[in-house]
Structure formats: structure tokens, C-alpha cells
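Shown next, in C-alpha cells, is the structure this report addresses.
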Amino acid sequence: MGIPFEDCSSSLKDIILENYIISFTTWLLGKDDLSILSQQSGSVWETSLNIITLNEIYNINNIEESLKKEIKRKSIATVDWILSKKNDINSNFTQWDNVTWDTAVAIQSLLMCLSEYSDDLSQKQKDNIKDATFKGCLWLYSKFSQWELNTKYPFGDADISRIIGVLLKCYNTDADLYNKIKTHYKENIDPSDDGKWLNNIVMHLLYKGADKLDTGSDLSIINKNTKYNWGDNDYFTTSDIVDSFCIFYKNFSNNNIPESFDKNIIKYMEVAIKQSCIKFENNQVDGMWGSHIDTIRVVGSYLLAGSLVSIHTKKKIIKPEIHTIFKAIRWMCDEKQRFDDGSFMHTMFLTVFFADTLVTVYKYWNEADKKILDVYDDVVWSSPARTTPERLERLSLEIEYNQLVGANLKLVHSHNLTKIISGVTISVLFVSTAILLLGLFSNYVTLDQKIVIGDWVSIFIGTSVALGTAVSFVIKKFFNN
């Protein structure tokens, strides 16, 4: 395969379509005539997410008609399989695998088939989709209303955020069905329900994510500097929430929100989207965030947020940095992980999200319309002159290390000098002692005492040897340490 994006005469969008979108679409569709590849593992959420992504590909203008027909045919064939996997709890509730996230994407995929391929679905399929949506949405909001009491899931806030997209998809596909769901919930499940489903879910997520040092318990004091954090370095959850906020924001911009909500919710949401993207920018390392799935998810959410126009300023809420996006795309498309068969490391869930992200790049990144050589040129000029946070920290540590090495050398030099001075001092003491003893000899030894001179000489020699040995031992000890 070589280096990605080698054809300098083509636009990045054309390269992505011809070399990547078509190949991973073929891989996702699989070789079986009546099913897509993810069904072989029995995974409902992967299959549902596949259908959602394939629907996005289906709506790309430049896709060949033969591939579109195959997408439609297999998507319709998958409807009955997804419906067969649901679990009816009672007359009110149905769910998939007892997981909010899985149930949400399953319903969303069914609604996409209903809205996109309605003319090709049988009446029974349409009725079954509406019934599953009705009971599934009741179950989803029921789980949300009890979330802090007895609902525990691995993804937490990501599960909740998925409900936003499902409710809006339901309203946009069949407004009457959406209103019937809410009416039934109030009359048969929770008479105290206020009917502000979307408002309650969005406000819950905003409150969970807002830095309490900024807002305390009062969301009304949120400002443009309020920070949001849905789990330290939990890029998957943050990306899911940003996606859901973007869907809500776009619906609001098109006057397509089905219920009343807090008058400031759009202001809060705009701040949350922008601050989340700033967090993405600050935490990236060479266009990557955490694991493979984190990077793939962040790129799509970052670009989706970059497509939003503020209803207040009429300007882009955030403008994604070109060099960051391109590095991430270049990394994702590298031959070491994007394989010849179109898959991402032969792994279904990574390929599903990889496909969704590249489709987002194709649809929403304006830079992708340019020739690849122009994109490279823009990347070079837009690369920041400032250092990255990681490089800044590394250089600071190198400087600190060098300073410590210098200080250590000074200590070693000082220690050696102390040894030398100590050795010289002891030697001087030895010589002084020897001279003192010699003086004593001269004072006390007379001609009449010649008989004892030998004894004194023996004492002098013995003392000198003892002192010399002691001095040598002490000096050796000093220098060895």
C-alpha cells in the first residue's frame, strides 16, 4: 500500500472515498448474501452501528449505484435480525442485552432503515420497528429516571448521551410516535413526569460534566471558561456526549426541538462543546489521544463540532486545527493498522468506528476538498511554532536533570578536595608529632645516658611506624569513599 495519500493530483476527499470508504464498506457488508459481517459474531450493537454508518455512506453522492443497492438490500435484510434479538420485558418495555448503549443504537439503526428505506419495507416490518421503538424509548427513559438510584453501566454518561440521538431520530422520523411514547409514559408509568425528556437528559450531562469549582451546584453561573470533564482521559465518553450535543444543537438551529427546555440550555451546551474541543486540542500528542479507539472517536467528534455555527455569534463554535486532524487521519490510514481488505486491524468494533470517522471527515472537513499537496502545505504552515505540552514537560525535565548532574559533580569535587585536605592535615600532624618526639630526645638524652639511647630510638621508630600506618589507613579510607 505504501504511504497514504500519495496521489498529489487528487483531493483528499477523493482519495478517502476511492481508497478507504469503498474498501471498508465492502468489508463491513461481508460475503454472506443475506447478512452483514458483524452478524456472524452475534453482536447487536456492532451490527446496529454498522447499519447507521452504512446509511451515511448510502447518502454520499459519488457512491456507485451498485454499491448503494447492496447497502440497501442488506440493511433491509438486517432489520428482522435486529428485531429478533430484542427482549420484551412486559407490555411497556423492551431492550437489547439489558444495556442502554446497545438498546439506543439498535433503535436508532431501525429508525434509520424506516426513514431511508420505507418504500422497500413490508408493512409488518414497519409496524415491528415502531413497536420496538415505542417500548424501547419507554425503557430508555425509565432507566434514565432511575440512573442515580439503581442503574449501573460501564460507560455511564456515554449510555445516557446516546438516548438524546434516539429521541431526536424518533421525533424526526415520526413525530406522532414520539408524542405517543411520552403520553403513554406519563399516563401509565410515571404520572409525575414533566415531559421535558431531552431537557432533563442534557441538563443531567451538563451538571455531571461541569467543573464544580467553577459552578458549585448552580449551573446558571456557567461561563465561557467553565471546564467540562466526563472522566479523566475518558475520550470515548466525552466524544459520545459531544456527538449528542452536536445533534441537539443542529436540531435546535433548525427549529426542530419537540419540547420546551431551559432557556439557557443552548448557551450551556455551546460552552460544553467548545471546552471539550479545547481539551481535545490540549491533550493530543502528535494527533493521537490514548488508545486506537480514543483517537478514532475524538477525530469524528472534533470535526462534527467544527461544523456547528453558533446561533449567538454566527461564527464557527470551534475551528479544528488542521495539523492535528491531518496527523490523526494520516495515522489512522497507515498500512500498519488499516489493512488491504479495508478493515482496521481486522477488528470489527475498531473498523466500525474507523468507518464512521472517515465518513465524517469526508462530509464535514472543508480541507478535504483540496488537493492533497495543498493540504500538506496548509499543514506545514498551520503547525504551531510553540512547543507541545509533552515536549515542554520533557525539555523542562532535561534541564532539571542537567542541573542536578552539575550539582552532583560539584559535590564530588568538593568531597575529593576534603579528602586531600584531610590527608595533608594528618600528614602534618604526623610530622609535627615526630619532630616533637625528636625534641624530647634532645632534651632528655645526655652523654651520661648513652646506655638508654637505644631504648629511646626504639620508641621513636616504633611510634613513627605506628603513626605512619594509622595515617596511611585513614588516607586510604578517605579516598576509597
- Task: Just subtract the alpha-carbon distance of Asn179 and Ser396 from 0.36 nm times their residue separation and send over the number in nm, one decimal.
- Result: 72.2 nm
- Label point distance in nm, Leu417-His346, each placed 7 Å from Cα along Cα→Cβ: 6.6 nm
- Query: Computed FRET efficiency, Cβ-Cβ of Asn188 and Asp33, R0 35 Å: what is it to the nearest 0.05?
  - Reply: 0.25
- Interatomic Cα distance distribution for the range 12-390, bins of 20 angstrom, percent: 28, 60, 13, 0
- Quick one: if you stick a label point 7 Å off each Cα along the C-beta vector at Glu56 and Gln403, how many nm between them? 4.8 nm
- Query: Mind listing the phi-derived Karplus ³J(HN,Hα) values for the range 117-131, rounded to whole Hz, using 6.51, -1.76 and 1.60 with θ = phi - 60°, and x for any glycine or proline?
  - Reply: 10, 3, 5, 9, 8, 6, 4, 5, 4, 4, 5, 5, 5, 5, 5
- If amide H atoms are modeled at 1.01 Å from N in the peptide plane, then the residues at a separation of 5 or more from Lys316, or on another chain, having amide H under 5 Å from its own are Ser310
- Message: If a paramagnetic tag sat 7 Å from the Cα of Glu64 along the Cα-Cβ line, which residues of the range 310-351 would have the backbone N under 17 Å from that point?
- Response: 341-342
- Query: So if R0 is 51 Å, what FRET efficiency would Trp381 and Thr425 give, r being the distance between their Cβ atoms, rounded to the nearest 0.05?
  - Reply: 0.15
- For the range 312-340 and the range 1-57, write down the distance between their C-alpha centroids in whole Å. 18 Å
- Note on the structure: Expected sort for 112-119, 306-313, 58-65 on mean C-beta neighbours within 10 Å, highest first, is 112-119, 306-313, 58-65
- Item | Protection proxy ranking of 401-408, 126-133 - average other beta-carbon atoms within 10 Å, highest first | 126-133, 401-408
- In this structure, among Lys126/Lys263; Lys13/Lys68; Lys13/Lys227; Lys68/Lys319; Lys31/Lys72; Lys72/Lys196, pairs with alpha-carbon gaps over 26 Å are Lys126/Lys263; Lys13/Lys227; Lys68/Lys319; Lys72/Lys196
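Each reported figure results from applying straightforward, stated rules to the coordinates on display, with no laboratory input. For clarity, every value in this text was computed on a predicted model and none was experimentally measured. In this analysis, Cβ positions are derived from the backbone assuming ideal geometry, glycine residues included, and neighbour counts consider all displayed protein chains.
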